[in-house]
1. Note down all Cβ pairs under 6 Å where the first residue falls in segment 53-71 and is within 19 Å of His40 (Cα to Cα), the second is of a type outside the set (A, V, I, L, M), and they're at least six residues apart or on different chains.
2. Return the residues of segment 44-63 that are over 14 Å from Thr81 (Cα atoms) and out of contact with any helix residue (DSSP H, G or I) (no Cβ under 9 Å at 6 or more places or on another chain); say none if nothing qualifies.
Amino acid sequence: MAHVTASRSDRLNTYTGRALLWWATTLERTVAGKASREAHKRRRDQLIRAANARGATLDDIVTKTKLRPNTVRAILRKEPTVE
């Protein structure tokens with residue numbers, strides 16, 4: 001009987017390990033990967049410029065995004081940022 005419990009436990013660990021690996025891989029490809037980060041920053045920068053064009057001030061953007069004023073200024077000038 002103990003052998004059956006051990007094999008169920010082993011299978012559960014195997015399935016849990018596979019699920020955790022799938023989750024880590026998904027996060028790497030969508031959130032943590034360099035290409036994903038760059039795409040996120042491009043979308044963010046577009047939205048910041050659009051908000052500014054529609055009346056959001058530098059102070060509004062800095063307060064809401066928690067970015068540094070110099071970073072926001074660079075984004076508004078379409079210059080690369082160092083973050």
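1. Val62/Pro69; Thr71/Thr81
2. Leu47, Ala50, Ala53, Arg54, Gly55, Thr57, Thr63
Bear in mind that the values in this text are calculations on the coordinates, not laboratory data. Bear in mind that the values here come from a model prediction, so they are computed numbers and not experimental data. Positions of Cβ are generated from backbone atoms using ideal geometry, with glycine treated the same way; all protein chains shown enter the neighbour counts.
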